[in-house]
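Worksheet: the structure to be examined is printed underneath.
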Amino acid sequence: MSTVSTSDQESLVRSLPDVLPVLPLKGTVLFPYSIVPLSVAGDKSAIAVDHALAEDRILLLVGQKDASLEDPGEDDFFGVGTAALVVRMLKLPDGRVRILAQGLARTKINYFSHSTPFLRARITHLPETPAAEGIEDEALIRIVKDQLDEVAGLGKAISSEVMVIATNLQDAGRLADLAASNLELKNEDAQALLETVNGGERLQKVSDLLQREVHLLHMQQQLSSEAHQEMDRSQREYFLRQQMRAIQTELGDAEDLTEEIAGYRREADERKLSEEARQELDRQIRRLERAHPDSSEGAVIRTYLDCLTTLPWSNRSEDNLDLEHAREVLDRDHYDLSSVKERILEYLAVRKLKDDARGPILCFIGPPGVGKTSLGRSIATALGREFVRISLGGVRDEAEIRGHRRTYIGALPGRIIQGLQQSGTSNPVFMLDEIDKVGADFRGDPSSALLEVLDSEQNNGFRDHYLNVEYDLSRVLFITTGNLVDPIQPAFLDRMEVIRLSGYTQDEKVKIANRHLIPRQIVENGLTPENLRFTKPGIERIVAQYTHEAGVRNLEREIAAICRKVAMRVARGQHRRVVVNPERAKSLLGPPRHFSEELLDRDRVGVATGLAWTAGGGDLMVIEVLSLPGKGELILTGQLGEVMRESGQAALSFAKAYAESKGLTDRLNGRDIHIHVPAGSIPKDGPSAGVTIATAIVSLLTGRAVAHTIAMSGEITLRGEILAIGGMKEKVLAASSAGVQTVLLPKHNDRDLEQVPSEVRRGLAFHFVANMEELLELALAPQENATAATDGK
C-alpha cells in the first residue's frame, strides 16, 4: 500500500476515532506528515498492530519516558503522541514484525481505556495553531530553509527529496516538523517540539536547534581538518626523515649513531656489567635505534646509558693492607681516637686473612668538632681507597637515596649511585654525614630507604629506582656520623656498629692545636713560623677562657682570628715575630668569654652541683632549692623536660621519707619546695640529675651545706638507690675543666672509669656510691656545722 496524499491525510485526521490502539516508541518521536519504519516488539504491540490493520489501520504512536522498560505502565508514557497510519506491514522469517507508519496528527492522551490484550487510549486531536502571517514569520521560514541548506552542505545526511519539499513549503508548522524529523535530535528535544502546537513557536525552536547543529558541524569539520593536517605532517616528516637518512648515508653521518652504540657496548665490556645490566643495556640500545634522533626520548635513553656504562661495576681499588702504615696515617691525621683506629686496624687484619670479607658499617657518634668527618678521609687514605662524602642533613626525599623513576625528563639516580660514579671504584670509603638529621615527610622516609643500603646481608643486590638493576654495595666501607643516637630510627641504628667519640681534655686540645690547627692556620693566612709562635700557656689560656666545647672547632676559629691580626701587622711591614702567651692572647682576643669556675665560689645550703651531658659535651648544672610558705607543693623551673621533672618529684619523695626518718617533717609541713636550674633559656632533660636534686633538698632540710668542690650525677629511686648513668667521660671532663675536686658517681659506673684519660683521673677524687646515704655523707658538711636556715641563703 502506498502513502496517502495531503488531502487524504486531512480527511483521515477529521475522522480520527476517539479510541486508538497504542504502540509504544523507544527513543523515537514521529512527527505529522513524516514516514518512519518501526520494529514491533512485544506481544501487546503485535496485537495492537493486528487490531489496527483489521480496523482502520490507525495507531497511536507515543514515546516512553524510560526506554529501558519492556512492559511500560500507563504512567510511563508522555502525554502527547502522534496518530499514525500503518502504510505497510512485513513479517520477517524470525517472527518479528516491521511496519511503515505515516504521521497524521498530534493527539493528546486523555486516559488509557484498556490495558489488555493491548493498550488503548482515548485521545483528543490537537489541531495545528497556524502561525501569524507576517514579515517576521516569513523571515523565519527563509532562515530555516537557509539553515537546512547549510546543514546539508556541511555533510548532514538529508535527502534531496526532503530539500525539494522544504523549498516549496510555506507553512511554518509543516516546515518545522519536516526539519525536526530529519535532524538527529535528543528524545527530550523532539518530544518538546511535538508538544508545541503553535507552528511559529515550533519553527523558532527548530531554528535554534539548527543553529546549534551548524556550530557542531563546523567544529567537527575543523577537528577533522586538523587531524588530516596532523596525519599529513607526520607522513611528510616520515618521508623527510627517510630522505635525510639517505643523505646522511651519502655523507657518512649515519655512522654517528652506530659509533655511539658501539661505544656503549665497548664501555659495557670494559666495565664487565652484570648479566641483568647487560640485558637492560641491549634493550635500551634497541629503543635508541628506533627513536627519533632529536626526540626527548632519545635524550632520556642516552642519559640512562651514560649512567649505566660509567658505573664501576667491577673496578676496585687495591687495599693497602699494611697495618703499620695504616696506624701511621691515622696517628698523623688525628690525635687520640684510639677506639676508632683500633677498629680500622681490625678490619684490615681481617681483609688480609680473608679477601672477600664484607665491608663494615661504622657509625661515629660524638659532639661537634671532634673530627668525625675528617676521620673518614683519613681512613680512606690509610686503606688506599677513594673517599666519597654526602651530607644527609635535612634530606627528606626518599628519591635522594634510591633515585627517581625514569618517568620524566631530568630523572637522576640516587646519591649512592652518583657517589659511586664520582669515585670510579666499587669499593670506596663512603661517608654518610649527619645521619641523625635525616627528615621524613610526604615524599618518603630516607632512613627507611637506607635500611637496604646499610645492611650487609642485603646490599649486595641494591636496586636504585633509576637504574632498576641490581648493584653490589657489599664491598663499600660505609661510615655514618651523627651527634646524637636518639633521633636515629631503631631499625636503622641496629644495622650499624656504633663507635662513640668523646670530647677532648684540655691537654688533648693543646696537643691538637700544636700538631694540626696552628700549622694549618699559619699556612692558610699567608704566615710563616717566623711570624708567629704560640706558647703552651697561651694555648691553655685560649682553651680555658675563649672556648667552651667538646671539640676543637671554636679553638681553631680563635687561632685563625689571632693569625689574621698578625697577618695585618705583617702586611703593614711589621715583621717582628709575635709570641702568643696568656697576656698576648688577651690583648689579641679581648676579654675572656668563659669562666668555668664562676659559680663554684663557696659552700651553700640548698645548692648542689650536678654533671650533665649535652650534644656539645659535658657541662656543670647547678641546682638550687628554696623552702617557701605554701601548701606543700613542688615548683620546678628552668625549662625542664618531662623526665627531669619526674626525677625532681622522685627526689622530693625520697627527701620526705628521709626527713621523716630524721624527725625533720616539721620543716616540710605547710611549705612549698621550689627547685630551680639556672640558664632557664636552655632546655634540660634526663634522669641523671635526680641525686643532685635530692642532695640539694636534704641540704635545705638539714641545714648542712653542700661542698662546692663536689659534683655528682646519678638517677635516684624512691628508696634512695642510685642507678647507672651515661656520658660519664664527658661529665668527668666538664668537672675537671671547671675545677671540681671530687666526683660522686653511681657504683655501677666504676667500670667506665678507664674511659677517662689518666691525666684527668689524677686530678680528681672519685667516689662510687650505691645509695643516697653514702652520697650524703660525702657531699654534706658535718652535722655540727649545720645551720637552722631552710631558705637556702
Of the residues in the range 273-289 that are at pLDDT 85 or above and open to solvent by 60 Å² or more (accessible area, probe 1.4 Å), the one that is nearest to Thr303 (Cα to Cα) is Arg283
Sole miss for Leu753 among (1) of a type outside the set (Val, Ile, Thr); (2) closer than 20 Å to Asp603 by Cβ; (3) touching a strand residue (DSSP E or B) at 6+ places or on another chain (Cβ under 7 Å) is condition (2)
Within the range 202-216, restricting to residues that are out of contact with any Gly (no Cβ under 8 Å at 6 or more places or on another chain) and of a type in the set (A, V, I, L, M), the one that is surrounded by the most Cβ atoms within 10 Å (Cβ to Cβ) is Val206
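Consider the range 188-201. How many of its residues are assigned to a helix (DSSP H, G or I) and open to solvent by less than 40 Å² (accessible area, probe 1.4 Å)?
The total comes to 6.
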Restricted to the range 217-245 and to residues being more than 46 Å from the chain's Cα centre (by Cα) and modelled with pLDDT of 75 or more, the residue surrounded by the most Cβ atoms within 10 Å (Cβ to Cβ) is Leu217
Contact list, first residue from the range 630-659 and part of a helix (DSSP H, G or I), second anywhere and of a type in the set (Val, Ile, Thr) and surrounded by fewer than 14 Cβ atoms within 10 Å (Cβ to Cβ), beta-carbon distance below 8 Å, six or more apart or interchain, is Lys656/Thr665; Ala659/Thr665
Within the range 616-627, restricting to residues that are at pLDDT 90 or above and open to solvent by 40 Å² or more (accessible area, probe 1.4 Å), the one that is nearest to Leu668 (Cα to Cα) is Leu626
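Conditions (1) acidic (Asp, Glu); (2) assigned to a helix (DSSP H, G or I), marked per residue:
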| position | (1), (2) |
| --- | --- |
| Glu324 | yes, yes |
| Arg327 | no, yes |
| Leu330 | no, yes |
| Glu346 | yes, yes |
| Lys352 | no, yes |
| Ala357 | no, no |
| Val370 | no, no |
| Leu375 | no, yes |
| Ala380 | no, yes |
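Does Glu730 qualify as being closer than 26 Å to Ser502 by Cα, exposed (fewer than 14 other Cβ atoms within 10 Å of the Cβ) and either of a type outside the set (Val, Ile, Thr) or modelled with pLDDT of 90 or more (or both)?
The answer is no for Glu730.
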Residues in the range 78-102 that are surrounded by 12 or more Cβ atoms within 10 Å (Cβ to Cβ) and assigned to a loop (DSSP other than H, G, I, E, B) total 2
How many residues of the range 665-699 are in contact (Cβ under 8 Å) with a residue 12 or more places away in the chain, of a type in the set (Val, Ile, Thr) and open to solvent by 40 Å² or more (accessible area, probe 1.4 Å)? The answer is 1
Scanning the range 532-541 residue by residue, the ones that are modelled with pLDDT under 90 and either open to solvent by less than 40 Å² (accessible area, probe 1.4 Å) or touching a Ser or Thr at 6+ places or on another chain (Cβ under 7 Å) (or both) total 0
Taking the range 73-116 and the residues there that are basic (Lys, Arg) and in contact with a His (Cβ under 9 Å, 6 or more places away or on another chain), the one that is nearest to Ser11 (Cα to Cα) would be Arg106
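Conditions tested, residue by residue: (1) over 26 Å from Lys509 (Cα atoms); (2) part of a strand (DSSP E or B).
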residue	(1), (2)
Leu701	yes, no
Ala734	no, no
Val743	no, yes
Arg751	no, no
Phe766	no, yes
Checked Gly703, Gly726, Gly686 against criteria (more than 24 Å from Leu628 (Cα to Cα) and out of contact with any helix residue (DSSP H, G or I) (no Cβ under 8 Å at 6 or more places or on another chain)); the one match is Gly726
Of the residues in the range 379-420 that are touching an Asp or Glu at 6+ places or on another chain (Cβ under 8 Å) and of a type in the set (Ser, Thr, Tyr), the one that is nearest to Phe462 (Cα to Cα) is Ser391
The residue from Asp472, Asp397, Asp445 that alone is farther than 27 Å from Val350 by Cα and touching a strand residue (DSSP E or B) at 6+ places or on another chain (Cβ under 8 Å) is Asp397
Flagged in the range 708-719 as crowded, with 22+ Cβ neighbours inside 10 Å and either more than 45 Å from the chain's Cα centre (by Cα) or part of a loop (DSSP other than H, G, I, E, B) (or both), in numbering order, are Ile710, Ala711, Met712, Ser713, Gly714
Checked the range 103-157 for anything assigned to a loop (DSSP other than H, G, I, E, B), within 25 Å of Val214 (Cα to Cα) and open to solvent by 70 Å² or more (accessible area, probe 1.4 Å); matches are Ala157
Filter the range 492-517 for residues that are in contact with a helix residue (DSSP H, G or I) (Cβ under 6 Å, 6 or more places away or on another chain) and at pLDDT 85 or above; the one that is surrounded by the fewest Cβ atoms within 10 Å (Cβ to Cβ) is Ile499
Residue count, the range 309-361, condition under 34 Å from the mean Cα position of the chain (by Cα), crowded, with 17+ Cβ neighbours inside 10 Å and more than 14 Å from Arg475 (Cα to Cα), comes to 2
With criteria (1) in a strand (DSSP E or B); (2) over 22 Å from Ile512 (Cα atoms), His575 comes up short on (1)
Here the qualifying pairs (Cβ atoms under 8 Å; residues six or more apart or on different chains; first in the range 279-300 and closer than 17 Å to Tyr466 by Cα; second of a type in the set (Gly, Ala, Ser) and modelled with pLDDT under 80) come out as Glu297/Ala291; Gly298/Ala291
Looking across the range 382-403 at residues that are surrounded by fewer than 18 Cβ atoms within 10 Å (Cβ to Cβ), on the phi < 0 side of the Ramachandran plot and part of a loop (DSSP other than H, G, I, E, B), the single one that is modelled with the highest pLDDT is Gly393
Of the conditions (1) touching a residue at least 12 places away in the same chain (Cβ under 8 Å); (2) assigned to a helix (DSSP H, G or I); (3) over 20 Å from Pro32 (Cα atoms), the single one that Gly173 does not satisfy is (3)
So the strands (runs of 3 or more DSSP E) completely within the range 454-555 holding 2 or more residues that are within 25 Å of Ser339 (Cα to Cα) are 477-482, 497-500
Considering the range 340-359, residues that are of a type in the set (Gly, Ala, Ser) and modelled with pLDDT under 85, and then whichever is farthest from Leu330 (Cα to Cα), we arrive at Ala357
Subset of the range 55-80, residues over 16 Å from His114 (Cβ atoms) and of a type in the set (Gly, Ala, Ser), comes to Gly63, Ala67, Ser68, Gly79
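The values are calculated or read from the model by the stated rules, or taken from the named source; none is laboratory data. What you are looking at is a predicted structure, and each value in this text was computed from that prediction instead of being measured. Virtual Cβ from ideal backbone geometry, glycine too; neighbours counted across all protein chains shown. Accessible surface areas use protein heavy atoms only, side chains included; no ligands, DNA or RNA. Shrake-Rupley method; radii C 1.70, N 1.55, O 1.52, S 1.80 Å.
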